[in-house]
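Structure, as structure tokens:
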Amino acid sequence: MNVTAHIQPVDKEKGRRARAYIDTLTKPQGSLGRLEELAVQLAEITGEDFPLVTPPGVIIFAADHGVVKEGVSAFPQEVTAQMVMNFVNGGAAINVFSRQIGAMLEVVDVGVAADIAADGIVHKKVRYGTGNFCEIDAMAREEAKQALHIGYERGEAMIHRGAKCLILGEMGIGNTTASSAIVAVLSGKDVADLVGRGTGIGQETIVHKQKVIQRAIEARKPDKNDPIDILAKLGGLEIAAITGAILAAATHRVPILIDGFICTTAALLAKEMCPDAVDYMVIGHRSAEIGHEAAVHLLGKKPILDLGFRLGEASGAAVAFPILQSAALMLKEMATFDSAGVSNRK
Ligand SMILES: O=C(O)c1ccc[n+]([C@@H]2O[C@H](COP(=O)([O-])O)[C@@H](O)[C@H]2O)c1
Ligand SMILES: Cc1cc2nc[nH]c2cc1C
């Protein structure tokens, strides 16, 4: 399956028409600021005059990371599987926010390092966590492709269930290390500017994490121009799956709400595979994780919210969703100057 073959550029003409229509609505021109830009983007993405974003569909991809053996996270590896159970039982932040916004929610085990005996998850384990990329490639090239395809299929399945907006997130202890390494390769920036606290490590461990990443990049020598090579050598299975889900949403002209640092890293890989996919993305929030800034910049986007989140699991994207919904409803439901009999400016 070619996951980028059917991605079309967004419909810029539809966007121009939406822009002109928004200027006839009962408000001074431009007075709904960013909401107007989002409404135009939704029209471009969907090709519809009055795009809908409800119901949204949330997919959380979970996987583990061999690099945790280097002591780069504040939490132990078991937390990935334990949080998957928390998702299944409805107690995590993303469960709360998914209920709040009326989202369908799916949790996919694409590479957790333990067997999870639960019915409420989609079992698509490619392997029991990645290898420690300081020592060996994180995964085989075929495994990276497999995870990418799983993500694509889950994205497509959620769209077939009726999702009008795909909200993507992840769970994986150690995945800020993998993400920082990937963003370092893609941006060419100094790792010192891209490595942050993750789940809450202190300054000394941050310096250690920087060295681990530097060492891994030197040992693995990923090809900057080959996103599958980057994923195989430094990636995470959940990062590959999110990349695939993004490409599925772009294929089906469904808006994609990107969460924090890890998701934005996956979005950068999707951009490498298909630059047109970027126009289908909206970044939900600015993560407090230091490397997010560089990733967001590379994507050429501006996050909707800035609430100091650094949780992951799609929390920031889900909290940003009502704003995207406001943009869609503004376009659909506001009266025009003509229809409401309101005098336009002199
Ligand atoms: O999305 C973010 O911006 C974000 C920033 C920091 C941490 N996280 C979450 O924390 C976990 C990774 O942190 P760490 O320290 O184990 O690399 C993983 O489960 C992510 O969902 C997520
Ligand atoms: C408790 C916990 C919850 C999370 N959710 C996403 N990443 C996480 C990391 C931890 C440690």
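Return the percentage of antiparallel bridges among DSSP beta bridges fully within the chain, rounded to the nearest 5 %.
Within the chain, antiparallel bridges account for around 5 percent of the total.
Rounded to a whole number, what is D in µm²/s for segment 56-323 from Stokes-Einstein with the Kirkwood radius over alpha-carbon pairs (20 °C, 1.002 mPa s)?
Answer, rounded: 122 µm²/s.
How many percent of all Cα-Cα pairs in segment 1-106 sit more than 22 Å apart?
It works out to 59 percent of all Cα pairs.
Dividing the Cα radius of gyration by the Kirkwood radius, what Rg/Rh value follows for segment 143-222?
1.09
If you average the sequence gap of Cα pairs under 8 Å that are 6 or more apart and divide by the length of the chain, what percent do you get for the contact order?
That works out to 25 percent.
Under a Cβ-Cβ cut-off of 14 Å, what is the net charge of the residues other than A92 that fall near it, where Lys and Arg count +1 and Asp and Glu count -1?
Overall, the nearby charge balance is -3.
Could you please report the charge total around G57, scoring K, R as +1 and D, E as -1 over all other residues with beta-carbon less than 12 angstrom from its beta-carbon?
+1
In deg cm²/dmol, rounded to 500, what helix-only [θ] at 222 nm does the chain give when every DSSP H run of at least 4 residues adds -39500 (n - 2.57) and the total is split over its residues?
-15000 deg cm²/dmol
Need the C-alpha centroid separation for segment 213-251 versus segment 174-188, integer Å.
Centre-to-centre distance over Cα atoms comes out at 9 Å.
Just to be sure I understand the rule: take each whole DSSP H helix in the chain, project its Cα atoms onto its long axis, keep it if the span is 24 Å or more and its mean Kyte-Doolittle hydropathy is at least 0.0. Which ones pass? Could the numbers behind the result be given before it?
Working: long enough: 141-160 (28 Å, -0.94); 203-220 (26 Å, -0.71); 315-333 (28 Å, 1.02).
Span-like helices in the chain: 315-333.
Each label point is 7 Å from the Cα along the Cα-to-Cβ direction; what then is the distance between the points at A74 and K332, in nm?
4.0 nm
Could you compute how fast segment 101-255 diffuses translationally, taking Rh as the Kirkwood radius over C-alpha pairs and applying Stokes-Einstein at 10 °C with viscosity 1.306 mPa s? Give it in µm² per second.
For these conditions, the coefficient is 97 µm²/s.
May I ask you to order 233-242, 107-116, 337-346 by the average number of other C-beta atoms within 10 Å around their residues, highest value first?
233-242, 107-116, 337-346
If packing is taken as the average count of other Cβ atoms within 10 Å, what order do 279-285, 165-171, 207-213 fall into, highest mean first?
165-171, 279-285, 207-213
Read-outs: derived from the displayed coordinates by stated rules, not from any lab. Note that the structure is a prediction, hence the values are computed from the model and not measured. Methodologically, a virtual Cβ is constructed for each residue, glycine included, from the backbone with ideal geometry; neighbour enumeration extends over all protein chains shown.
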